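The values are calculated or read from the model by the stated rules, or taken from the named source; none is laboratory data. Computed from a predicted model, the values in this text were never measured in an experiment. Positions of Cβ are generated from backbone atoms using ideal geometry, with glycine treated the same way; all protein chains shown enter the neighbour counts. The accessibility values were calculated without ligands, DNA or RNA, using every heavy atom of the protein model including side chains. Shrake-Rupley method; radii C 1.70, N 1.55, O 1.52, S 1.80 Å.
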Amino acid sequence: MNVSKLFRMQRALDQYIETEHGLQEADLFDKKVLALLVEIGELANETRCFKFWSLKKPSERQVILEEFVDGVHFILSLGLTCSLEEEADVTEEDTSASITEQFLLVYEAVQLFKKEKSAEAYSRMLNDYFALGRLIGFSAEEVEKAYVAKNEVNYERQQQGY
């Protein structure tokens, strides 16, 4: 996965949004953290991995991938906000966690990053999130392609007054 390419695309999208909404000087860190947490929740909801009480199947793979990529947008944006894009390195470490356990690890990592804003905490958050994607069944190439497609959709939405 070309993370540098994704950071460049996210930087351009962030700058576009901030300019369009007059937010160039705004501190958006907490809002981005909350947005990421919401996206992680939406992803969990689509996977239905925690819904032990329900027999309903998970959403279609493409829906789950799009939700995953929404989270990638905010993780990249947070890295840019804290000037950590140079520190970002996605590793392909295997995890023995279940999908539900990995979601909880991701939530913990987001909270740690919110508190510390360190390169180490960012790396953990980034890698825990991508490990979740691998557990769900997404390849790096698939995520990159879906990110590029969703980035275009995000621009279109902004231009239409989203």
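Annotations for the structure displayed:
- Taking every residue in region 11-34 that is assigned to a helix (DSSP H, G or I) and pairing it with any residue that is of a type outside the set (Phe, Trp, Tyr) and open to solvent by 50 Å² or more (accessible area, probe 1.4 Å), at least 6 positions away or on another chain, the pairs with Cβ-Cβ distances below 7 Å are GLU18/GLN24; PHE29/THR81; LYS32/THR81; VAL33/LYS114.
- Scoring SER77 on the criteria (1) assigned to a helix (DSSP H, G or I); (2) out of contact with any Leu (no Cβ under 9 Å at 6 or more places or on another chain); (3) among the hydroxyl-bearing types (Ser, Thr, Tyr) leaves a single failure, condition (2).
Residue by residue, here is whether (1) open to solvent by 90 Å² or more (accessible area, probe 1.4 Å); (2) in contact (Cβ under 8 Å) with a residue 12 or more places away in the chain; (3) under 24 Å from GLU152 (Cα atoms) holds:
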{"site": "ILE64", "(1), (2), (3)": "no, yes, yes"}
{"site": "LEU80", "(1), (2), (3)": "no, yes, yes"}
{"site": "ALA109", "(1), (2), (3)": "no, yes, no"}
{"site": "GLU120", "(1), (2), (3)": "yes, no, no"}
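- Qualifying residue in region 40-58 (condition: of a type in the set (D, E, K, R), within 19 Å of LYS117 (Cβ to Cβ) and part of a helix (DSSP H, G or I)): no
- Residue in region 141-162 that is of a type in the set (S, T, N, Q), on the phi < 0 side of the Ramachandran plot, within 12 Å of the chain's Cα centre (by Cα) and open to solvent by less than 50 Å² (accessible area, probe 1.4 Å) present: no
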